[in-house]
Amino acid sequence: MIKQWVHIEEIERNGIKQQFQIKLPYNAKRIVAIKITANPFDRTWENKFESEVGWLWLRLPERRDIFYSHKINTYKDNYDLSLPRINEVNPFDDGLFTQHGKKETFQTVDACLNTNIIEGYYIDRIYSQKSKYQLRIYLKLEL
Amino acid sequence: MDTYKYNIIKERFDLKIENPNETVKGEFELDKNAKYVQGILITSDRDELLFYRGSQKMQLNDKELFPENFESRLLMAGLNVAPDDRAISIGNVESGNGRLEVTYKDQNHENARFTPYRVSIYTFSIVDLETTLQDD
């Protein structure tokens, strides 16, 4: 049986280095997929390029150490969009959602669990504006 | 031949979000012929609010499809996605008593100021797993 699990970390300030733990259900045997999102205030349609949000490492204590690391960018990477169109404006202009690309997908991993704790380490990389946002870690767990 | 058996049953359920930071729960009943739910899609009349502010928990017949705090933006699709690719596949989940529960949570975000908006949940279901057009 596969169960989805969501962990939220509140990121409160610029450049913060944050350690945290994710408590999983006791009957979780394996992590089979991961998805990371962050929702900072962003103006990527103005600067035309996606920008860095933060770096994340996830670790299984004692057993395997770091099994996952990820560089989080603004939401464009969610849509498999490397460069916006040259005349792109606010994708939500006129109330129409015209951001485009593909479905969100989870990244497949294979991490056996002998503990119900995952340790995480996150560094915020937004220096140009006020950082206050949520980092969300989605896990698909095999029970 | 019973043509309804070959249809994909498409249904829409709406939630109204009237206040910022509110949690709205909706309980809906699927069509009695919708025995297996294959896909789900979320849209809104204010997509930017749904994208930045929304998250939801979704349960079908007490089976959890998406856990609490699962962002709505992960279930959205833009106009440039081919219509046939837009819904999120959830496999063939038995609808059982056909009761779909959605708990939608609105949360403040600096990119999207609140205004009352609608959240629409679309479900795509089939009648029978075995039935194909070749059967008859």
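The values are calculated or read from the model by the stated rules, or taken from the named source; none is laboratory data. Keep in mind it's a predicted model, so treat the numbers as computed, not measured. Cβ placement follows ideal geometry from the backbone for every residue including glycine, while neighbour counts extend to all protein chains displayed. Ligands, DNA and RNA are stripped out before the accessible areas are found, and what is left, the full protein with its side chains, is counted by its heavy atoms. Shrake-Rupley method; radii C 1.70, N 1.55, O 1.52, S 1.80 Å.
Summary of computed values
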quantity	calculated
Occluded residues from segment B:76-111, i.e. those whose accessible area drops by 20 Å² or more once the chain is not alone (1.4 Å probe)	B:Met76, B:Gly78, B:Leu79, B:Asn80, B:Val81, B:Asp85, B:Ile88, B:Gln107, B:His109, B:Glu110, B:Asn111
Spin-label model distance (nm) - A:Arg13 vs B:Glu68, 7 Å beyond Cα toward Cβ	3.0
Restricting segment B:39-112 to GluC sites (Glu not before Pro) in coil, as DSSP defines it, with at most 14 other Cβ within 10 Å	B:Glu110
Zone of A:His70's modelled label, taken as backbone nitrogen in segment A:3-23 under 19 Å from a point 7 Å along Cα→Cβ	A:3-12, A:16-23
Lysine pairs meeting the criterion (Cα under 29 Å, 8 or more apart or interchain), as found in chain B	27
Apportionment of accessible area to carbon and sulfur, segment B:14-136, percent (1.4 Å)	40
22 Å tail of the calculated P(r), segment B:6-135, as % of Cα pairs	36
Pairwise FRET efficiency - A:Tyr26 versus B:Asn108, Cβ, R0 = 45 Å, nearest 0.05	0.85
